[in-house]
Amino acid sequence: MGAEAKCRAIFRGKTSEGKARLETETLEFRGPDVTLSLPFKQIKTVTARDGALTVHSQQGPLSLALGDKAEKWAFKIQHPPSRLDKIGASSGWRVSVLGISDGPFLEELERVVSKVSIGRTLKDSDAIFVGATKEADLARLAKLKDSLKPNGALWVIRPKGRPEISERAVMAAGRAAGLVDVKVVAFSPTHTAEKFVIPVHQRR
């Protein structure tokens with residue numbers, strides 16, 4: 001859930017009172033006269049001055065009267081979290097990666113965590129990333145659970161908008177494996193990552 005603020009917006013000559021939201025990849029505003037969802041990648045410039053956050057994009061200039069939040073929001077827009085930040089990767093992690101051929105992601109992992117095993121599951125993994133393109137790929141979640149640390153996480157990486165593997169199917173497979181779904185993040189423009197953990201009362 002992103003940060004929220006009730007504020008005044010000025011956009012394309014219109015002024016509106018409403019609610020602004022700062023998500024991990026978008027700046028949003030909802031009001032009676034102004035409705036906007038602006039991806040960070042479309043923002044060309046960002047400034048925070050006298051309590052006002054001003055951004056320029058192809059959609060036009062937007063000014064939000066955020067008060068003391070303006071500088072913090074400007075910093076977050078200019079320095080968006082990486083996918084490993086969103087995942088919460090730590091330098092001490094032991095990580096297993098199965099069925100994922102995303103070269104940049106594998107390189108990111110190897111730069112950040114202490115050990116990465118590709119194609120083979122490590123015992124006591126802090127995180128297991130498993131790629132799935134169809135429902136049949138989800139059958140191994142129960143077995144993979146046994147290789148997690150008690151507080152570890154199993155991440156299912158699946159393509160977006162594919163009927164072969166829906167969000168509902170992934171959630172059902174996680175529950176069937178005795179896991180709890182706790183988080184969803186945008187893994188890439190084409191893929192989604194869903195996080196599963198062992199229920200707290202089952203951890204030892």
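Every number in this text was worked out from the coordinates using simple rules, so none of it is lab data. Note that the coordinates shown come from a computational prediction; the quantities given were computed from them, not determined experimentally. Cβ coordinates were reconstructed from backbone atoms using ideal geometry, including for glycine residues, and neighbour counts include every protein chain displayed.
Laid out as a table, the results:
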read-out	value
HN-Hα J in Hz across the range 162-178 - Karplus 6.51, -1.76, 1.60, θ = phi - 60°, x for Gly and Pro	10, x, 5, 8, 7, 4, 4, 5, 5, 4, 5, 5, x, 5, 5, 7, x
Sequence-distant lysines (8 or more away, or on other chains) whose Cα lies within less than 29 Å of Lys44	Lys6, Lys14, Lys19, Lys69, Lys72, Lys76, Lys86, Lys160
Amide proton proximity set for Gly131, modelled H, under 5 Å, gap of 5+	Leu98, Gly99, Ile100, Ile157
Order of Arg49, Arg8 under a 10 Å beta carbon neighbour criterion, fewest first	Arg49, Arg8
Rounded to the nearest 20 debye, dipole of the range 51-187 from Cβ charges on Lys, Arg, Asp, Glu	300 debye
Alpha-carbon centroids, the range 40-69 and the range 92-108: separation in whole Å	35 Å
Average Cα contact separation per residue, the range 3-78, under 8 Å, 6 or more apart, as relative contact order %	26 percent
Per-selection Kirkwood Rh - the range 3-78 (Cα, Å, 1 d.p.)	11.9 Å
Estimated vicinal HN-Hα couplings, Hz - the range 132-149 in sequence order (Karplus 6.51, -1.76, 1.60; Gly, Pro = x)	9, 10, 8, 4, 4, 5, 7, 5, 8, 4, 4, 5, 5, 3, 5, 9, 7, 5
Amide H partners (placed H, <5 Å) of Lys160, local residues excluded	His191, Thr192
Calculated diffusion of the chain, Stokes-Einstein form, Kirkwood radius summed over Cα pairs, 25 °C and 0.890 mPa s, µm²/s	129 µm²/s
